[in-house]
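The values are calculated or read from the model by the stated rules, or taken from the named source; none is laboratory data. Keep in mind that this is a model prediction, so the values were computed, not measured. Methodologically, a virtual Cβ is constructed for each residue, glycine included, from the backbone with ideal geometry; neighbour enumeration extends over all protein chains shown.
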Amino acid sequence: MNAPTDRKIVHRYAYRRSPDQDARGVVRRPVVVVGAGPVGLAASIDLALRGVAVVLIDDADRIGEGSRGICWSKRTLEICDRLGVGEKLVAQGVTWKLGKVFHGDDLVFAFDLLPEDGHKMPAFINLQQYVVEKALVDRADELDLVDLRWKNRLIAVEPHNAHVLLTIDTPDGPYKLEADWLIAADGARSSTRDLLGLEFSGVTFEDKFLIADIRMAADLPTERRFWFDPPFHAGQSALMHRQPDNIWRIDLQLGPDADAMEEQKPERVSARLRRMLGERPFELEWISVYRFNCRRLDRFLHGRVVFVGDAAHQVSPFGARGANSGIQDAENLAWKLAAVLKGEAGESLIGTYDTERIQAADENIAHSTRSTDFIAPHSAAERALRNAVLGLAPTADFARRMINSGRLSIATVYESPLSTPDESPFGGSARLGAPLPDCRIRNGDGSETYVLENIGDGFTLLTFKNGAPPQAAPEGVCRLRIGDDLIDPDGLLARRLDATPGAAYLLRPDLHLCARWRSFDRGKIAAARDRAKGRALGKI
Amino acid sequence: MMAKLITASQFSDPDAAYVALVEARRHLSEAEAAALDTRLALILANHIGDIEVLKEAIALAKTK
């Protein structure tokens with residue numbers, strides 16, 4: 001997003017002088033995170049919960065208004081739940097799962113995102129980014145291991161073999177800090193990236209879009225509405241989405257020739273919105289005109305500097321793949337970095353952050369590019385094809401399936417060297433390399449719970465009862481016995497995992513499934529644990 | 001007469017099929033794209049090789 005934004009302050013935080021600024025020598029910290037947005041905050045909290053001390057710096061002293069990211073996916077909410085804010089976000093957000101696509105005045109396609117029943121977290125919530133940031137800042141403040149420093153601006157980065165030397169400017173002047181690892185979560189205009197002279201590769205799209213968040217008391221259904229060529233905005237596309245507190249997100253395509261400054265004038269925006277909303281009264285909350293990019297760094301890992309979120313990759317907003325993928329970057333990195341810093345894994349494990357999250361970024365960029373090609377055709381010839389698909393959609397299923405108003409973010413199934421290939425085939429909705437599907441289940445005392453709530457911070461082995469005497473899990477693996485510790489009364493979890501009696505499932509600390517077997521073999525489980533810690537990577 | 005034309009989606013990844021079609025016409029003028037489509041129609045019609053299916057497809061394409 002490259003538009004000027006006039007952001008009101010929602011929360012302000014005080015700059016506090018750190019003892020590091022008065023130390024005689026340069027202080028060394030295990031991890032410094034740059035950027036207290038959702039991604040930097042999630043990374044810091046996750047590391048702290050894993051026992052790693054983090055210094056989190058941000059050049060601002062506030063959380064600003066301007067909703068920006070509003071759609072939070074189930075996978076992100078599951079991560080936030082582990083970090084301690086998931087239920088709070090769901091309570092504050094608008095839960096939705098229905099989407100409708102219109103061509104002109106006609107409904108051509110409707111979708112329901114609810115993947116399976118019995119998940120703790122919904123498919124999506126809508127919630128203003130600043131509300132998410134506030135919840136994460138409050139959570140970080142509860143943790144002694146997160147040292148959040150506002151008004152600390154990174155002005156120089158000097159990479160060394162075993163550390164990074166940072167110069168940080170403050171209202172009291174600059175100070176230096178050494179970090180074993182630096183996490184760059186400083187967004188699309190990352191100063192860390194600029195300071196290291198790194199560049200993105202990818203494409204910038206010519207079309208400009210207008211985002212307006214408005215306050216409007218409207219009795220409209222809670223669903224995502226997308227229009228191609230609507231009567232109120234001829235020849236372009238439009239999106240309307242509900243947020244909490246009677247706030248609505250309107251996104252209007254303006255075409256490549258729009259004048260960004262002119263289009264942001266409130267009277268001009270209001271006139272466009274009146275054509276859409278008729279006589280309904282509304283107030284403007286936030287306006288932004290943007291073009292977008294689908295691009296990424298060639299590598300996310302540069303020595304001891306690791307890029308996460310928009311600092312590493314950018315996509316169009318269609319599909320809600322920006323902040324969601326950033327939070328998934330943070331979670332992928334946090335457990336690996338914690339394992340390396342505690343000496344439980346070699347540094348080559350961090351290299352798998354690069355491979356796994358580049359796979360995810362490439363998926364997101366591909367989906368986002370396809371959506372953009374559909375929403376904003378490059379030429380009259382491409383528009384003719386797009387309109388032919390829309391024209392056939394009411395009568396032909398195949399055309400409906402090609403309509404692309406954004407394919408919404410789902411978790412990546414890692415094709416990873418950390419996964420142990422299946423020895424025997426498995427069905428169900430679980431996938432090797434994907435997060436464990438959640439499932440409603442019961443505690444031993446019969447009370448209701450969800451399987452994801454019962455998984456700890458380390459490696460977990462889920463086993464299904466088969467009558468054999470229980471065997472101890474290998475060291476460093478927490479065992480959870482389905483049938484003893486937890487009860488799966490209707491066999492729902494067993495169906496999701498295609499579990500047979502005696503089956504065993506190994507989960508990484510980020511809850512991704514990294515190995516599974518039809519029977520318990522302690523040696524194989526230990527080998528799979530070592531592999532998931534990167535033990536086999538040393539030879540590369 | 002039983003309909004023989006399949007309109008249910010047959011691609012495992014419909015987005016990939018759309019991308020193939022849209023990339024084929026990238027940088028083409030409307031006239032060039034129309035000529036491409038005509039050749040495509042002939043090639044795919046022959047591949048199907050069933051006059052009843054072809055007639056049904058024409059009828060569907062003509063409905064507005």
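Of the residues making up the range B:3-20, those that are touching an Asp or Glu at 6+ places or on another chain (Cβ under 9 Å), at the interface with chain A (Cβ under 7 Å from one of its Cβ atoms) and either in contact (Cβ under 8 Å) with a residue 12 or more places away in the chain or not in a loop (DSSP other than H, G, I, E, B) (or both) are B:THR7, B:TYR18, B:VAL19.
Yes or no: A:ALA396 over 25 Å from the mean Cα position of the chain (by Cα) and surrounded by fewer than 19 Cβ atoms within 10 Å (Cβ to Cβ)? Here the answer is no, as A:ALA396 does not meet what is asked.
The set of residues from the range A:371-383 being within 7 Å of chain B (Cβ to nearest Cβ) and either surrounded by fewer than 16 Cβ atoms within 10 Å (Cβ to Cβ) or farther than 21 Å from B:ALA31 by Cα (or both) comprises just one member, A:ALA380.
The residue of the range B:47-64 that is surrounded by the most Cβ atoms within 10 Å (Cβ to Cβ), among those that are assigned to a loop (DSSP other than H, G, I, E, B) and away from chain A (no Cβ under 14 Å), is B:ASP50.
Candidates A:SER325, A:SER270: the one that is hydroxyl-bearing (Ser, Thr, Tyr) and under 23 Å from A:SER73 (Cα atoms) is A:SER325. Here A:PRO394 qualifies as part of a loop (DSSP other than H, G, I, E, B) and within 14 Å of another protein chain (Cβ to nearest Cβ).
Here is a yes/no grid of residues against (1) more than 24 Å from the chain's Cα centre (by Cα); (2) more than 15 Å from A:THR192 (Cβ to Cβ); (3) modelled with pLDDT under 95; (4) polar (S, T, N, Q):
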{"site": "A:VAL269", "(1), (2), (3), (4)": "yes, yes, no, no"}
{"site": "A:LEU277", "(1), (2), (3), (4)": "yes, yes, yes, no"}
{"site": "A:ASP298", "(1), (2), (3), (4)": "no, yes, no, no"}
{"site": "A:VAL305", "(1), (2), (3), (4)": "no, no, no, no"}
{"site": "A:SER316", "(1), (2), (3), (4)": "no, yes, yes, yes"}
{"site": "A:ASN324", "(1), (2), (3), (4)": "no, yes, no, yes"}
{"site": "A:ASP329", "(1), (2), (3), (4)": "no, no, no, no"}
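Once the range A:332-351 is narrowed to residues that are buried (at least 17 other Cβ atoms within 10 Å of the Cβ) and of a type in the set (Gly, Ala, Ser), the residue that is nearest to A:ALA42 (Cα to Cα) is A:ALA334.
Against the definition (touching a residue at least 12 places away in the same chain (Cβ under 8 Å), within 14 Å of chain B (Cβ to nearest Cβ) and of a type in the set (Asp, Glu)), how does A:GLU363 come out, yes or no? Spelling it out, A:GLU363 is indeed touching a residue at least 12 places away in the same chain (Cβ under 8 Å), within 14 Å of chain B (Cβ to nearest Cβ) and of a type in the set (Asp, Glu). Take the conditions (1) at positive phi; (2) surrounded by 17 or more Cβ atoms within 10 Å (Cβ to Cβ); A:VAL146 misses just one of them, which is (1). With respect to the conditions (1) free of Cβ contacts under 8 Å to residues at least 24 places away in the same chain; (2) within 30 Å of A:SER270 (Cα to Cα), A:GLY197 falls short on a single one, namely (2).
With the requirement that a residue be out of contact with any helix residue (DSSP H, G or I) (no Cβ under 9 Å at 6 or more places or on another chain) and either away from chain A (no Cβ under 12 Å) or closer than 16 Å to A:PHE398 by Cα (or both), what does the range B:21-40 give you? Across the range B:21-40, the qualifying residues are B:THR38, B:ARG39. Which members of the range A:168-220 meet the condition of being under 21 Å from A:ASP147 (Cα atoms) and of a type in the set (A, V, I, L, M, F, W, C)? A:ILE168, A:LEU177, A:ALA179, A:TRP181, A:LEU182, A:ILE183, A:ALA184, A:ALA185, listed by residue number. Of the listed requirements (1) modelled with pLDDT under 95; (2) within 14 Å of another protein chain (Cβ to nearest Cβ); (3) over 29 Å from A:GLU331 (Cβ atoms), A:ARG386 misses just one: (1).
Conditions tested, residue by residue: (1) assigned to a loop (DSSP other than H, G, I, E, B); (2) at negative phi; (3) surrounded by fewer than 20 Cβ atoms within 10 Å (Cβ to Cβ).
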{"residue": "A:ALA468", "(1), (2), (3)": "yes, yes, yes"}
{"residue": "A:PRO474", "(1), (2), (3)": "yes, yes, yes"}
{"residue": "A:CYS478", "(1), (2), (3)": "no, yes, yes"}
{"residue": "A:ASP484", "(1), (2), (3)": "yes, yes, yes"}
{"residue": "A:PRO489", "(1), (2), (3)": "yes, yes, yes"}
{"residue": "A:LEU493", "(1), (2), (3)": "no, yes, no"}
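Scanning the range A:397-414 for residues being among the aliphatic types (A, V, I, L, M) and facing chain B (nearest Cβ under 7 Å) gives a total of 1. Quick one: is A:GLN236 touching a residue at least 24 places away in the same chain (Cβ under 8 Å), polar (S, T, N, Q) and not assigned by TED's automatic domain parsing to the domain that holds A:VAL132? No, not satisfied. Where strands (runs of 3 or more DSSP E) fall wholly inside the range A:40-109, the ranges with 2 or more residues that are surrounded by 18 or more Cβ atoms within 10 Å (Cβ to Cβ) and either modelled with pLDDT of 95 or more or not aromatic (Phe, Trp, Tyr) (or both) are A:54-57, A:62-64, A:71-73, A:98-103.
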